[in-house]
Amino acid sequence: MVTLRQRAWSERTAWQLEQGGVHPLLARIYAARGIQSALQISTRMEDLLPPGALKGLDRAASILARAITTERRICIVADYDADGATACAVAMRGLRLLGAEPGRLSYFVPDRFKLGYGLTPAIADLVAQGPEGKPDLLVTVDNGIASLDGVAHAQSLGMQVVITDHHLPGDTLPRADAIVNPNQPCCEFPSKNLAGVGVMLYTLMGIRQVLRQQGWPAAEQANLGSLLDLVALGTIADVVPLDANNRILVANGLARIRQRRCCPGILALYAVSGKQPDRAQSTDLGFLLGPRLNAAGRMDDMRIGIRCLLTDDMGEALKLAQELDRLNIARRTVEQQMKSDAASILNNLDIQSTAGISLYDPNWHGGVVGIMAGRIKEQLHRPTIVFAGDGTGQIKGSGRSIPGLHLRDALDHLTKLYPDLILKFGGHAMAAGLTIRENDFPLFQRVFNELVDQLLPLEARQQSLGVDGAMGEGDLNLNSARLLSDGIWGQGFPAPVFANKFNILEYRLLQEKHLKLTVASGQQRIDAIRFNDTTIPTQDDTLAYVLDINHYNGVERPQLRIEAIVSA
């Protein structure tokens with residue numbers, strides 16, 4: 001059962017924001033998200049944090065600047081998710097803008113099912129033996145901070161290694177030639193929430209500064225702002241917290257997309273998603289484009305996604321986007337079967353006495369376990385890890401957590417209690433991946449639940465939905481919906497949810513699984529929709545909803561998207 005949690009806000013702070021020119025409705029919403037001044041909601045690039053405080057950036061920029069000016073071979077080693085793909089595209093496009101010879105640039109993205117995550121010794125060997133010849137320099141994007149053996153092996157083969165990453169480090173850092181990661185020890189960069197693609201953008205900013213000091217012609221002309229569409233996509237798709245710095249990156253990336261000044265790959269992904277880029281919102285990147293891009297890494301080969309983001313030919317971009325769309329449909333089919341299997345297991349689970357959920361089936365698809373973990377976490381409001389086998393006697397899990405449990409730290413704690421249980425792991429507070437032996441799954445299932453039971457406070461196990469109070473009758477209109485839909489909302493800066501009681505005037509079912517309603521507040525009538533739930537609310541129920549826009553036949557109308565129905 002979901003309870004509603006009123007977000008606290010200061011009337012004085014909201015008033016001060018209004019005096020700074022913020023719309024009264026937004027002022028109240030921003031105040032409830034900790035915004036104290038108009039500067040904190042600035043989307044001007046001039047207010048972006050400067051790169052100087054990023055530890056290791058000077059060293060990395062010097063190495064890469066020298067590689068560009070001396071025409072050394074550079075290989076980008078990417079991750080196979082949307083953040084890794086966009087970071088790879090930003091690195092390739094950005095280095096070209098800075099004057100790197102295209103023939104001396106290449107990229108490598110591992111097959112998640114054969115080679116796994118991060119720069120491993122096997123990947124270093126494959127890159128060294130690649131058709132372009134052995135690179136002089138490897139640059140990791142969205143990975144590498146845990147690649148101790150892989151970095152050492154690459155260096156033994158005569159390659160320098162620069163790591164750009166954002167994942168939390170372990171106790172020991174790899175001995176790379178340079179590391180750029182805001183989460184590494186002693187890094188004083190104020191934002192710890194950059195995605196991998198954001199770290200790569202900052203690395204390019206550092207390289208440009210070095211090259212400008214050297215009088216390198218391409219650096220004077222390089223417009224790194226042209227990469228912000230890709231930065232916005234990777235930042236939203238990786239679900240990193242949208243602090244002030246990330247909101248600036250996303251806002252400016254969305255502005256480029258709305259103006260169609262983005263790469264053809266993003267335009268093509270919009271085309272196959274059936275939505276116009278002119279109305280681009282942050283939710284599009286997270287729920288339309290991101291899943292299609294991720295489908296390549298989950299179901300086949302992320303090189304399809306990277307090629308889509310790198311091509312400047314719209315025809316080729318459309319073909320690749322259509323292939324990504326096909327892979328996403330296949331992913332949904334696999335996910336549906338896995339959900340059915342998981343439901344059978346969960347039916348025997350006493351959720352009230354279970355703190356942490358672990359599931360495994362040898363027939364499950366390794367590329368979809370992360371999505372499954374997220375779905376179950378949302379449904380049951382418990383930290384969840386879902387495993388799939390790889391035929392080697394080991395199983396790989398992907399986990400998602402809830403507020404109150406730092407998942408990566410919990411796994412680290414387990415390794416200290418049971419040193420031989422987890423073979424490798426890594427991740428964030430809300431998401432992590434790990435590998436264990438198949439025979440050890442029953443033990444892991446038990447001890448993970450026990451540890452979560454110790455660490456997760458009881459109050460955190462009660463699912464609640466944060467709401468921004470009631471919306472006035474005068475605000476239930478298209479202008480308010482447009483104002484809210486243009487906001488930069490996401491992880492850590494959630495889209496506003498309101499809670500009101502309404503008169504239920506009409507309702508009907510759509511496709512036997514959605515509920516379409518017409519409701520009234522005073523004299524104001526408005527449409528509403530509840531997805532994947534046919535529960536009919538009563539006049540006494542409170543509806544928690546997002547004020548949305550329904551686009552139909554070229555006409556825009558305000559619409560409530562119901563998030564929860566709370567009984568009196």
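The values are calculated or read from the model by the stated rules, or taken from the named source; none is laboratory data. In this text the structure is predicted, and so the values were computed from the model without any measurement. In this analysis, Cβ positions are derived from the backbone assuming ideal geometry, glycine residues included, and neighbour counts consider all displayed protein chains.
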* Residues in region 511-521: is at least one within 29 Å of the chain's Cα centre (by Cα), modelled with pLDDT of 95 or more, hydrophobic (A, V, I, L, M, F, W, C) and closer than 23 Å to GLY469 by Cβ? -> no
* Structure fact -> Only one of (1) closer than 22 Å to VAL197 by Cβ; (2) modelled with pLDDT under 90; (3) touching a strand residue (DSSP E or B) at 6+ places or on another chain (Cβ under 8 Å) does not apply to GLY370, and that is (2)
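Residue-wise test of (1) modelled with pLDDT of 95 or more; (2) under 21 Å from the mean Cα position of the chain (by Cα).
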position: ASN183; (1), (2): yes, yes
position: PRO190; (1), (2): yes, yes
position: VAL197; (1), (2): yes, yes
position: LEU201; (1), (2): yes, yes
position: ILE207; (1), (2): yes, no
position: GLN214; (1), (2): yes, no
position: GLU220; (1), (2): no, no
position: LEU224; (1), (2): yes, no
* To do: Determine if region 391-412 includes at least one residue that is part of a helix (DSSP H, G or I), touching a Ser or Thr at 6+ places or on another chain (Cβ under 7 Å) and within 20 Å of ASP79 (Cα to Cα).
  => no
* To do: Could you please find all residues in region 154-168 being hydroxyl-bearing (Ser, Thr, Tyr) and farther than 25 Å from VAL239 by Cα?
  => SER156
* Exactly one of (1) crowded, with 24+ Cβ neighbours inside 10 Å; (2) under 16 Å from GLY370 (Cα atoms) is unmet by LEU309. Its number? -> (2)
* Tally the residues that are of a type in the set (Gly, Ala, Ser) and closer than 12 Å to LEU228 by Cβ, restricting the search to region 240-269. => 3
* Asked: Could you count how many residues in region 293-315 are more than 17 Å from PHE113 (Cβ to Cβ) and in contact (Cβ under 8 Å) with a residue 12 or more places away in the chain?
  -> 10
* **Scan of region 313-367 for residues that are farther than 21 Å from TYR80 by Cα and of a type in the set (A, V, I, L, M), ordered by number** => MET314, MET338, ALA342, ALA343, ILE345, LEU346, LEU349, ILE351, ALA355, ILE357, LEU359
* To do: From (1) touching a Phe, Trp or Tyr at 6+ places or on another chain (Cβ under 7 Å); (2) modelled with pLDDT under 95; (3) more than 22 Å from SER147 (Cβ to Cβ), pick out the condition that doesn't hold for GLY391.
  => (1)
* Does any residue of region 450-463 turn out to be in contact with a Ser or Thr (Cβ under 6 Å, 6 or more places away or on another chain) and either crowded, with 17+ Cβ neighbours inside 10 Å or touching a residue at least 12 places away in the same chain (Cβ under 8 Å) (or both)? -> no
* Asked: Which one is surrounded by the most Cβ atoms within 10 Å (Cβ to Cβ) among residues in region 486-518 that are polar (S, T, N, Q) and either in contact with a Lys or Arg (Cβ under 8 Å, 6 or more places away or on another chain) or on the phi > 0 side of the Ramachandran plot (or both)?
  -> THR518
* Of all the strands (runs of 3 or more DSSP E) wholly in region 484-568, which have at least 1 residues that are more than 30 Å from PRO403 (Cα to Cα)? -> 503-510, 514-521, 524-530, 542-552, 555-566
* Taking the residues in region 401-430 that are hydroxyl-bearing (Ser, Thr, Tyr) and touching a helix residue (DSSP H, G or I) at 6+ places or on another chain (Cβ under 7 Å) as candidates, determine which candidate is nearest to GLN462 (Cα to Cα). => SER401
* **Cross-chain or 6+ apart pairs with Cβ under 6 Å, region 247-275 first and assigned by TED's automatic domain parsing to the domain that holds LEU194 and part of a helix (DSSP H, G or I), then acidic (Asp, Glu) and at pLDDT below 95** => ARG258/ASP278
* Do the conditions hold for LEU115, that is, is it surrounded by fewer than 20 Cβ atoms within 10 Å (Cβ to Cβ), among the aliphatic types (A, V, I, L, M) and either over 23 Å from ARG66 (Cβ atoms) or at pLDDT below 95 (or both)? -> yes
* Asked: Among helices (runs of 4 or more DSSP H) lying entirely in region 1-117, which contain 1 or more residues that are polar (S, T, N, Q)?
  -> 11-19, 57-69, 82-97
* Structure fact -> Flagged pairs (Cβ under 8 angstrom, 6 or more apart or on separate chains; first in region 496-513, touching a residue at least 12 places away in the same chain (Cβ under 8 Å) and charged (D, E, K, R); second surrounded by 12 or more Cβ atoms within 10 Å (Cβ to Cβ) and in a strand (DSSP E or B)) are LYS501/THR542; LYS501/LEU543; GLU506/LEU517; GLU506/THR518
* To do: Just give me the residues in region 160-172 being touching a strand residue (DSSP E or B) at 6+ places or on another chain (Cβ under 8 Å), in a loop (DSSP other than H, G, I, E, B) and under 21 Å from CYS75 (Cα atoms), in sequence order.
  => ASP165, HIS167
